[in-house]
1. Considering only the other residues whose Cβ falls under 12 Å of the Cβ of TYR273, what net charge follows from Lys and Arg at +1 and Asp and Glu at -1?
2. Give me the net charge for the shell around MET286: Cβ to Cβ below 15 angstrom, other residues only, Lys and Arg +1, Asp and Glu -1.
3. Which percent of the Cα-Cα distances in the stretch 137-253 go past 22 Å?
4. For the chain, with the dipole built from +1 on Lys and Arg beta-carbon atoms and -1 on Asp and Glu ones, taken about the Cα centre, which of GLY214, ILE74, ASN128 lies farthest toward the positive end?
5. Read phi for every residue in the stretch 91-100 and hand back ³J(HN,Hα) as whole Hz from Karplus 6.51 cos²θ - 1.76 cosθ + 1.60, θ = phi - 60°, with x for Gly and Pro.
6. Take the cross-link list LYS141/LYS246; LYS81/LYS246; LYS31/LYS277; LYS277/LYS314 and give me the ones stretching past 27 Å between alpha-carbons.
7. Taking LYS308 as the anchor, which aspartates and glutamates have their alpha carbon closer than 20 Å to its alpha carbon, excluding any fewer than eight residues away along the same chain?
8. Need the full-extension length gain, THR299 to GLU183, defined as separation in residues times 0.36 nm minus the C-alpha distance. One decimal, nm.
Amino acid sequence: MIQRLPSTKLPKFTIAADMSDKQPDIPATAKVHLSREALVENWKTLNRLSGAASAGAAVKADAYGLGVSSVVEILQGSGCKDFFVANWQEASEIENIVSDDVNISVLNGIRAADLDFAVTSKAKPVLNSLQQAQLWRTTGKPCDVMIETGMNRLGIEVSDLDQIPVDGLNIDLVMSHLASADEDCEQNRQQLNIFLESSNQLGGKRRSLANSAGIALGSDYHFDCTRPGLSLYGGIQRSELAGKIKQVVTPFAEIIQIRTLNAGDLVGYNAQYIAKKTHDIAILAMGYADGYLRGFSNTGCFFVGDIKLPVLGKVSMDLIAIDISNAPQLETGDWVECEYDLPTASEQSGISQYELITGLGQRLPRVWT
Ligand SMILES: *Cc1c(COP(=O)(O)O)cnc(C)c1O
């Protein structure tokens, strides 16, 4: 077990402690910069766009790969009071760094195997079935309830809601989840209507429906609490959010070799780039093992200043070749910035914005700037 320091003793937003702990002091050849300012601004923007509702934060999957303890500390400091994790392991990682007036909800619910830990935890389960409601009722502790309104993922069927032992449950959030909030489609309105008709039956303290994209669907979808995840970290799934959400995550890689190609020279696995003229390329110490997947082969881009440095050929496990024709000043040991604005990078690679950040490898130190 990792000993957790009380929040007052935690270091102030430096490098995620877990990384530096277990590694000797060898400088990394690639890293991820995380902008504290952009994260805070994005939360404030989403909180403002949530109108009368207050924005929480989905911090499951290590805060979408950014590092959950830093993200929770930063957002808590900005005024965020509701955090959503996937499971009890994730709850245990943050329960000692949040203050007493902050809530943690465990989205995947409660199993009998979780109960021993859960009753001692500061976090509350999101009850997803009648069985879970029966199980949790014996504890008398707070909980949330998920209603299934059309996604057919987790949640209690509307037709079963009258069997919930509401008297024995201390329900905070009554919630549901939108399946297609990133699209303009009938399903959003359908889910909203089902939620409106069913959610009052349970007498919870608050209601919650919208994820990041759901916030952009307007005030009908806001209720008391919103649950943005992706857009906190720079993702934009709806045009209403374009220009309002800032990039948070930027990978950087070091040049470890420079070489000159002649016309006809081949680059990388399966020779997916063929030089048409003489020009220089640089080899970067990053690859698909770091989450920069093969979808970026021949489509991704790096930068030095404003100069574009296109990816050439296939991305290797630990290496990437880029065209440095327009930046002859570059040398071995220089660092270049990866184009990782999430909508752009998603378009380049065909990889979803969610997968682009949750997939960034543990080999890359997270450096808060
Ligand atoms: C992941 C998740 C969210 C956050 O969704 P984003 O699309 O990342 O904003 C909100 N609610 C639930 C139930 C989730 O699983």
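The values are calculated or read from the model by the stated rules, or taken from the named source; none is laboratory data. Worth saying up front: this structure is predicted, and the values here are computed from it rather than measured. Every residue, glycine among them, receives a Cβ derived from its backbone with ideal geometry; neighbour counts consider all protein chains shown. For accessibility, only protein heavy atoms count, side chains too; no ligands or nucleic acids. Shrake-Rupley method; radii C 1.70, N 1.55, O 1.52, S 1.80 Å.
1. Overall, the nearby charge balance is 0.
2. -1
3. Value for the stretch 137-253: 39 percent of Cα pairs lie more than 22 Å apart.
4. Working it through, the farthest residue towards the positive pole turns out to be ILE74.
5. For the stretch 91-100, the Karplus curve yields 4, 5, 6, 10, 5, 8, 10, 9, 7, 4 Hz.
6. Too far apart for the 27 Å limit: LYS141/LYS246; LYS31/LYS277.
7. Filter leaves GLU254, ASP280, ASP323, GLU331, ASP334, GLU337, GLU339, ASP341, GLU347.
8. 39.2 nm
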